[in-house]
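One structure is given here, and the rest of the page talks about it.
The values are calculated or read from the model by the stated rules, or taken from the named source; none is laboratory data. Note that the structure is predicted; figures quoted are calculated from it, not measured. Cβ atoms come from the backbone with ideal geometry, glycine included; neighbour counts cover every protein chain shown.
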Amino acid sequence: MILGILMCGAIGTGAPYANMVIRGSTLFFDFSTAGALFLFFLLVGIVNVLLRFVFPVLALNRRELLVVYIMMIVASAIPTMGLTEYLLPMIAQYYATPENDWATLILPYIPEWLAPQNAQAIKWFFEGAPAGVGVPWEMWIPPLLYWAILLLALYLVMISSMVIIRRQWMERERLLYPIVQVATDMVEESRDGSRIPPFLRNPIMWAGFLIPVIISSLNATHSYFNFVPIVPITASVPIFRNTLGLLFRLSFPMLGFSYLINLDIAFSLWFFNWVSKIVVGSLRVLGIAGTEKLGVYGVQSDPMLAHQGQGAMIILVLFGLWVGRQHIGDVLRKAFHGDDTVDDSGEIMSYRGAVFTWIAGAVTMTLWLTIAGLPLWASIATLLTALLIFVGLTRIVVESGLATAVGPMIANSVVVSAVGSSALGPAGMIGMAYTYVWGADIRTFVMASCAHGLKLADHLGSHRRPLFWLIVAAVVISFVGSVWSVLVLCYEHGGINLSSWFFGGGVRAPFEYIALKLNTPTGPNWVGWIHTGVGGSIMAGLMMARHHLLWWPLHPLGYVVGSVWLMDELWFSIFLAWLIKLTVMKYGGPKLYQMTRPFFLGLILGQYVISGFWLFIDYLTGMTDNSVFWI
């Protein structure tokens, strides 16, 4: 517990420094929680091994190591893209100018309690404060306390949602959870009494480990000595008369994760991405393009595909709830009637605690959003849509191993498109803008980390209730540490000098979108409704075929995310993994697959470890912008 708390503090304070000052590999952006796995490798492979040789009594056993890792992966979802580096710049209004007229369109509708009010202090936050000024905590603490109410309610809802769903996903549907398999193999105990874990003594794993280590080290060294050659891992080919680019990117982690998943899922992920390319390319050649503006998140190629993907996401979640209706009924009976036939002793919360925490958190968030400016109906619609997207993305990640993913649309865009900006009014649209803090660029969030943590908790025995409080502690520590770190760094260096996205484009994006809608109010987009229905119908057909036709080759998950921009970056690595695994299973069967599996786990671990080491080297040398890993 003590070590986990210290590691969460290190992640909370260190991740913003790595991302904004060193600006190297992005280890805290995605569901893979790459930075946590790097630190876990140091703990398991170096620190704990040395302790077993020198001070065996201080060495951690498997269960203790997993508790530390669970806390670290939860903490990793907070400091950068998950929350803090969006929260602080977004609530500090810096970009209002006479040219964009935000002073008239936006600023009058922002509640004073929602954002800091000192214009000079905000300017220093973005541009750097004079020497000796420091952080004006008295300006930041009041709005952050108000935001903490919303965020704590959100994270409690996420945690309780995963407690409610855990048994359905893990025990009844037996989803794979590929992203945690490296960590579980790392802490496997030796049967021969060796102090070094079997995973770290496997030469096949080290063979895979060395490939990204060598390639990334060559590319990182090139930043220091330009005569060292670069090993390219990306290429692009123009297609459809130069209207699209076919990107070939080799991502070693995605190659590894995709090797662990079912062949039909891997095939469907890259197949539906190709289908979306064919559709978009054909439309562009014909000069047909959607005109609706949905913002910068989700599907970027065409609003038609964004709506269809969102329709598919809705069906995915609703169908999952229908399939799990018996289990959810058991949870509700235990919560409201104390049914003794339902056993919840193996959960980190009682079912009653989880259900009532969910209800209390949802009510709190609804009231908060309403006070912030949204109409009550819009608060409910936005919250339910956001939670549906969170659950759907979490399901996709734990089943498909997509280490980095986003949904086809975000809750803000779904509601605004469905009812029109006119129905929300200026105050409602401003309230919508602030939902970008926690519900827009969701490449990582606490719900997914909690889902992986509960999978790891399977190895902790039956008494798991203390883990709930450790997860909450990880959230709080990471939030406090990252807020402190970002504020200190920004007042010292100036936020716009540290990150062009988090203090530039990412901050302007929600308000540019809202300003556009305020200048040109819109009504309900009925074409969007139609495409949402089309996407939902196709998804329903795919799911029915999946459940009733044994020969059906397409998995529905691929259709949901096939058209999002991140899949354009990942499809090639997934295709390679699918092709290799198909060959292995055809000619070597399960035995050869089990033999080769450590090699692909090594690809994952090697990329994350060498990226972490180069961050440390760049810190010592003062090098910046030396990124050897992105996704």
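Taken over region 440-463, residues that are at pLDDT below 95, of a type in the set (D, E, K, R) and under 18 Å from W169 (Cα atoms) amount to 1. Of the helices (runs of 4 or more DSSP H) lying entirely inside region 557-631, those containing at least 2 residues that are touching a Pro at 6+ places or on another chain (Cβ under 6 Å) span 589-621.
Report yes if some residue within region 278-298 is without any contact (Cβ under 8 Å) to a residue 24 or more places away in the chain, in a helix (DSSP H, G or I) and at negative phi; otherwise report no. So far as region 278-298 goes, yes, one or more of its residues are without any contact (Cβ under 8 Å) to a residue 24 or more places away in the chain, in a helix (DSSP H, G or I) and at negative phi.
L498 fulfils the conditions (1) out of contact with any Gly (no Cβ under 9 Å at 6 or more places or on another chain); (2) touching a residue at least 24 places away in the same chain (Cβ under 8 Å); (3) surrounded by fewer than 19 Cβ atoms within 10 Å (Cβ to Cβ); (4) closer than 29 Å to E99 by Cβ except for a single criterion, (3). In the set (1) closer than 24 Å to V231 by Cα; (2) without any contact (Cβ under 8 Å) to a residue 60 or more places away in the chain, I610 fails one condition alone, (2). Being within 28 Å of M623 (Cβ to Cβ) and in a helix (DSSP H, G or I) holds for only one residue in V476, V527, V507, and it is V507. When the criteria are applied in full, V342 fails the requirement of being of a type outside the set (G, A, S), over 21 Å from G453 (Cβ atoms), surrounded by fewer than 20 Cβ atoms within 10 Å (Cβ to Cβ) and modelled with pLDDT of 95 or more. Residue count for region 532-563 under the criterion of being among the aromatic types (F, W, Y), within 9 Å of A312 (Cβ to Cβ) and over 25 Å from the mean Cα position of the chain (by Cα): the result is 0. Filtering region 375-392 for residues that are at pLDDT 95 or above, assigned to a loop (DSSP other than H, G, I, E, B), more than 17 Å from T33 (Cα to Cα) and of a type outside the set (S, T, Y) leaves a non-empty set.
I'd like to check something: does region 205-221 contain any residue that is touching a Gly at 6+ places or on another chain (Cβ under 6 Å) and among the hydroxyl-bearing types (S, T, Y)? Scanning region 205-221 turns up no residue that is touching a Gly at 6+ places or on another chain (Cβ under 6 Å) and among the hydroxyl-bearing types (S, T, Y).
Residues of region 387-408 that are under 24 Å from L367 (Cα atoms), crowded, with 24+ Cβ neighbours inside 10 Å and not aromatic (F, W, Y): I389 alone. Within region 181-210, the set of residues being of a type in the set (V, I, T), surrounded by fewer than 24 Cβ atoms within 10 Å (Cβ to Cβ) and part of a helix (DSSP H, G or I) comprises T184, I204. Screening region 416-441 for residues that are among the β-branched types (V, I, T) and surrounded by fewer than 24 Cβ atoms within 10 Å (Cβ to Cβ) and picking the one that is nearest to the chain's Cα centre (by Cα) gives V437.
Looking across region 29-83, the residues that are closer than 19 Å to Q181 by Cα and β-branched (V, I, T) come down to T33, V44, V67, V68, I70, I73, V74.
Let me confirm something: among E399, E347, which residue is part of a loop (DSSP other than H, G, I, E, B) and of a type outside the set (S, T, Y)? After ruling out the rest, the residue left standing is E347. Tally time: how many residues in region 402-424 are in contact with a Ser or Thr (Cβ under 7 Å, 6 or more places away or on another chain), within 16 Å of P521 (Cβ to Cβ) and assigned to a loop (DSSP other than H, G, I, E, B)? Matching residues across region 402-424 total 1.
When region 557-570 is examined, which residues are found to be within 17 Å of I389 (Cα to Cα) and surrounded by fewer than 24 Cβ atoms within 10 Å (Cβ to Cβ)? Selection gives W565, L566. Any residue in region 68-80 that is touching a residue at least 60 places away in the same chain (Cβ under 8 Å), of a type outside the set (S, T, Y) and over 24 Å from Y17 (Cβ atoms)? Among the residues of region 68-80, not one is touching a residue at least 60 places away in the same chain (Cβ under 8 Å), of a type outside the set (S, T, Y) and over 24 Å from Y17 (Cβ atoms), which makes the answer no.
Residue pairs whose Cβ atoms lie under 6 Å apart, sitting 6 or more positions apart in sequence or on different chains, and linking a residue in region 221-249 that is touching a residue at least 12 places away in the same chain (Cβ under 8 Å) to a partner that is in a loop (DSSP other than H, G, I, E, B), are S223/N626; I233/L250. The condition (being surrounded by fewer than 18 Cβ atoms within 10 Å (Cβ to Cβ) and in contact (Cβ under 8 Å) with a residue 12 or more places away in the chain) is satisfied by just one residue among W140, W113, W169: W113. F125 satisfies every condition listed in (1) modelled with pLDDT of 95 or more; (2) of a type outside the set (D, E, K, R); (3) out of contact with any Cys (no Cβ under 6 Å at 6 or more places or on another chain) except (3). Applying the set (1) under 25 Å from S482 (Cβ atoms); (2) surrounded by fewer than 18 Cβ atoms within 10 Å (Cβ to Cβ); (3) small (G, A, S) to A75 leaves exactly one unmet item: (2). Contact map, region 359-377: first residue exposed (fewer than 15 other Cβ atoms within 10 Å of the Cβ), second residue at pLDDT 95 or above, Cβ cut-off under 8 Å, separation 6 or more or different chains; pairs are A360/A153; A360/L156; L376/T366; L376/T370. Evaluate the following for W274: is it at pLDDT 95 or above and surrounded by fewer than 18 Cβ atoms within 10 Å (Cβ to Cβ)? Yes, satisfied.
If you check F29, F40, F53 for being part of a helix (DSSP H, G or I) and modelled with pLDDT under 95, only one passes: F53. Residue-level analysis places L51 among those that are surrounded by fewer than 23 Cβ atoms within 10 Å (Cβ to Cβ) and of a type in the set (A, V, I, L, M). Residues of region 82-99 include none that is under 22 Å from the mean Cα position of the chain (by Cα), farther than 27 Å from A119 by Cβ, surrounded by 24 or more Cβ atoms within 10 Å (Cβ to Cβ) and at pLDDT 95 or above.
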